[in-house]
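First up is the structure itself, then whatever we jot down about it.
The values are calculated or read from the model by the stated rules, or taken from the named source; none is laboratory data. Just so you know, these numbers come straight off a predicted model, no measurement behind them. Methodologically, a virtual Cβ is constructed for each residue, glycine included, from the backbone with ideal geometry; neighbour enumeration extends over all protein chains shown.
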Amino acid sequence: MKELENLAQELGTALLARGEYLTAAESCTGGWLAQSVTANAGSSAWFDRGFVTYSNAAKVEMLGVPEATLANHGAVSEPTARAMVQGALAHSHADWAVAITGVAGPTGGSREKPVGTVCFAWAGKDGGCEAQTCHFAGDRAAVRQHSVRHALKGLLARLDSNPLVA
């Protein structure tokens, strides 16, 4: 989708100006954020790698998400998103990371976590980490698209609030 590619390009321009790299840990979006980023020529100058960790086992094995976090909070939770984003930073050469985990539907939701519930985390190598839970309306494709858009906009906002120190 062109809008997502444009947001990714804007993010790339900002990261390139800073000499910084991005990594992504994705679950419900299945690599859509990484696809949006790599649709832009030259993204290898600012995108290090992406992790598609759809299963709990992948979250544990690839990102080091503690099994206790998954058992106590579930895959769709801010603690899991935080662990995913920290794991992505630890297993990459990136300066910034984003994690996305949610219930895209049409099944898989519960009373506590209905379809459209998506948890995000953003972190920088400076140690700052923020998490947020959103509820998006629409079908599976819409929830996933909203999730990628929100993740990219969240990265841009965090870059804007973390200016380079001269």
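Inside region 92-108, residues that are under 12 Å from Thr29 (Cα atoms), of a type outside the set (Val, Ile, Thr) and either in contact with a His (Cβ under 7 Å, 6 or more places away or on another chain) or in contact (Cβ under 8 Å) with a residue 60 or more places away in the chain (or both) make up a count of 3.
Pairs are defined by a Cβ separation below 8 Å, a sequence spacing of at least 6 or placement on different chains, a first member in region 142-166 that is surrounded by fewer than 16 Cβ atoms within 10 Å (Cβ to Cβ), and a second member that is at pLDDT below 95 and small (Gly, Ala, Ser); the pairs so defined are Asn162/Gly128. Among the conditions (1) assigned to a helix (DSSP H, G or I); (2) more than 19 Å from Ser36 (Cβ to Cβ); (3) aliphatic (A, V, I, L, M); (4) free of Cβ contacts under 8 Å to residues at least 40 places away in the same chain, Ala137 misses just one, which is (1). Within region 48-81, the only residue that satisfies the criterion of being touching a residue at least 40 places away in the same chain (Cβ under 8 Å) and aromatic (Phe, Trp, Tyr) is Phe51. Screening region 10-117 for helices (runs of 4 or more DSSP H) wholly inside it with 2 or more residues that are of a type in the set (A, V, I, L, M) and buried (at least 22 other Cβ atoms within 10 Å of the Cβ) returns the ranges 32-38, 78-90.
Residues in region 94-112 that are within 16 Å of the chain's Cα centre (by Cα) and not charged (D, E, K, R): Ala94, Trp96, Ala97, Val98, Ala99, Ile100, Thr101, Gly102, Val103, Ala104.
Of the residues Ala123, Ala83, Ala68, the single one that is at pLDDT 95 or above and more than 14 Å from the chain's Cα centre (by Cα) is Ala68. Screening Phe120 with (1) over 20 Å from Phe47 (Cβ atoms); (2) surrounded by 14 or more Cβ atoms within 10 Å (Cβ to Cβ) gives one miss only, at (1). All told, Glu3 meets the bar of being surrounded by fewer than 21 Cβ atoms within 10 Å (Cβ to Cβ) and part of a helix (DSSP H, G or I).
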